[in-house]
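> One structure is given below, represented as structure tokens, and several questions about it will come after.
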Amino acid sequence: MAQFDVYKNPNEHTKKNVPYLLDLQADLLNSLATRVVAPLVSASAMGKPIDHLNPKLQIKRKAVYMSTAELAGVPVRALGDKVGSIKDQRDIIIAALDFLFTGF
């Protein structure tokens with residue numbers, strides 16, 4: 001597991017609107033039994049994204065939005081299959097987290 005890895009959402013009830021979960025937790029804390037994740041919401045389910053808070057990201061050529069205000073801690077065992085990494089989009093992800101916590 002690594003920071004900015006993307007996992008399939010295994011929840012049958014939510015995976016249509018939230019197809020992926022983004023691992024935000026620092027690699028230094030890999031020994032914990034939980035990971036802090038942000039839901040990645042499909043464009044059709046997002047509604048109007050908030051500038052700086054809900055960045056548009058690309059996962060397997062599909063547009064999704066990071067639902068930054070819905071961060072959650074989930075057990076590692078509850079994550080679905082890894083589909084890839086978006087560490088190349090780190091700057092926009094960190095900027096959204098900064099905006100959530102500091103307003104800047």
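Read-outs throughout are calculated quantities, based only on the coordinates presented, and are distinct from any laboratory measurement. Being a predicted model, the structure only gives us computed values, none of them experimental. Neighbour counts are summed over all protein chains in view; Cβ atoms, including those assigned to glycine, are modelled from backbone coordinates with ideal geometry.
> Mind listing whichever residues of segment 24-68 are of a type in the set (Lys, Arg) and under 15 Å from residue 3 (Cα atoms)? Please lay out each step first, then the result.
Keep residues of segment 24-68 that are of a type in the set (Lys, Arg), which gives 35, 48, 56, 60-62.
Selection gives 35 alone.
> Kindly provide the set of residues from segment 69-104 that are touching a residue at least 40 places away in the same chain (Cβ under 8 Å) and more than 18 Å from residue 2 (Cα to Cα), ordered by number.
Listed by number, the residues that qualify are 95, 96, 99, 100.
> Looking at 47, 80, which is the one that is exposed (fewer than 12 other Cβ atoms within 10 Å of the Cβ) and under 15 Å from residue 18 (Cβ atoms)?
Details: 80 fails: exposed (fewer than 12 other Cβ atoms within 10 Å of the Cβ).
After applying the criteria, what remains is 47.
> Being buried (at least 22 other Cβ atoms within 10 Å of the Cβ) and not β-branched (Val, Ile, Thr) is the filter here; which residues of segment 24-38 pass it? Spell out the reasoning first.
Residues of segment 24-38 that are buried (at least 22 other Cβ atoms within 10 Å of the Cβ), as a first pass: 35, 37-38.
Listed by number, the residues that qualify are 35, 38.
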